[in-house]
1. Taking the options 180, 213, 206, name whichever one is closer than 22 Å to residue 12 by Cβ and assigned to a helix (DSSP H, G or I).
2. Those residues that are out of contact with any strand residue (DSSP E or B) (no Cβ under 6 Å at 6 or more places or on another chain) and either at pLDDT below 90 or surrounded by 17 or more Cβ atoms within 10 Å (Cβ to Cβ) (or both), I need them from segment 99-112; list them, please.
3. Is it fair to say residue 160 is assigned by TED's automatic domain parsing to the domain that holds residue 223, under 22 Å from the mean Cα position of the chain (by Cα) and in a strand (DSSP E or B)?
4. Looking for whichever is crowded, with 20+ Cβ neighbours inside 10 Å, touching a strand residue (DSSP E or B) at 6+ places or on another chain (Cβ under 9 Å) and modelled with pLDDT of 95 or more here; the options are 404, 365, 370. Which one fits?
5. Taking interchain pairs and intrachain pairs at least six residues apart, which have beta carbon atoms under 7 angstrom, with the first residue in segment 280-293 and closer than 18 Å to residue 445 by Cβ and the second modelled with pLDDT of 95 or more and in a loop (DSSP other than H, G, I, E, B)?
6. Would you kindly identify the helices (runs of 4 or more DSSP H) lying entirely within segment 433-486 that contain at least 3 residues that are modelled with pLDDT under 95 and surrounded by fewer than 17 Cβ atoms within 10 Å (Cβ to Cβ)?
7. Just a yes or no: is a residue in segment 174-183 under 21 Å from residue 269 (Cα atoms) and under 16 Å from the mean Cα position of the chain (by Cα)?
8. So is residue 152 closer than 14 Å to residue 98 by Cα, surrounded by fewer than 24 Cβ atoms within 10 Å (Cβ to Cβ) and assigned by TED's automatic domain parsing to the domain that holds residue 245 or not?
């Protein structure tokens, strides 16, 4: 998961892109980068760190031009190296800089093809550099190194769709020509487009979330469709074309559960309203398991679980309280590199208000349970604050499978629900009771808000990988490359069956 933005304007874009990246900071806190173009030249600056720390006045002054792209990085494939901060650049053909949100599942095969067949050199381990070189090679094939037009670009993107597997939302600048954006044929990672009319004409922005458009005063136009490519030339002329065969929209369910800002709308679904729906459906399940007097108060684990917790409390006619206060200067715990760091940061990140817990039966609501480390620490904090009973509820279903499409939870051994029953997970996090959302209810929470949406990418919950190329052998190889030990215990793990229904159909 990363955040990307691209702008074609009639004014300098460096400040606009910087502001957009601030609005997308929640999507990546590891590195940030901006590349702008003026004439046939690019200017670029990128480094590890938050947006506000990476860019100084001198850096902004070195980014002239009326067109540009930017990215905030959350590392998935590859390392934490500053060399792998985006955007990436190649000088042929034409000169291209690219920023990518997603993860390529066939990156190793593509690397081999690029070296042996396409004669292209890669300088990092990043799959984004792989994607850039595949795109550059196909553009060169379609243009024979000479003139370029939108149709040639669209033919190149069509071949990219055929060669590349996985998830990808892309913004790319082509020196002297314009801005190209496209989305994978399943629309797994989000991308939308907006516009603004001023005295000089129309300017366009593409971004991972609608909040980046609205926060900058742009009007939301629409989401980029799965498989679609959009080209905006340097004069602001927009051309779009569907470049994939049989595209099917399957946005990532985890965007709605946790990743996206609640004030964003992704593929016609309000993130905030979907989280309210998750609370509503979770309340229906809890009514069948708990009676009057079993729960005294409902509390969210800040921040993304708050809408679900509020709706759940209302539907159960229970008091809603804020029992934990969040320190907003601590990073997301589930993406921290070391288990010790995660354990330590929970206490730094959250502090309990003892008076809200003392002598009460407390229902704690979180958006999801991934490794379980944070959940266990939070349950212990509630007990230490005087709770007589701690019930834990997850607004999402059990995370049982690796996510290979751009979220850093790729090994089965790191997932507390993998190979465990709900009762076993409950014991692991030391709660008195545990309630998970049902997978079908999570889907309905999204589909209810956009009935035309027929599918979501929910592989980390149901083991179904929509790209059809993720097998047990693939996951074994991925885990061996990471050499990640079991995060919580060394218990024997029972492998769930039917990991990849796509390969069984």
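The values are calculated or read from the model by the stated rules, or taken from the named source; none is laboratory data. No experiment lies behind these values; they were computed from the predicted model shown. Glycine gets a Cβ as well: all are built from the backbone with ideal geometry, and neighbour counts include every protein chain shown.
1. The match here is 213.
2. Passing the criteria: 106, 107, 110, 111.
3. No; evaluated as a whole, the condition is false for this residue.
4. Testing whether each residue is crowded, with 20+ Cβ neighbours inside 10 Å, touching a strand residue (DSSP E or B) at 6+ places or on another chain (Cβ under 9 Å) and modelled with pLDDT of 95 or more leaves just 365.
5. These pairs meet every condition: 281/437; 282/395; 282/437; 285/438.
6. Hits in segment 433-486: 472-482.
7. yes
8. No: the conditions fail for residue 152.
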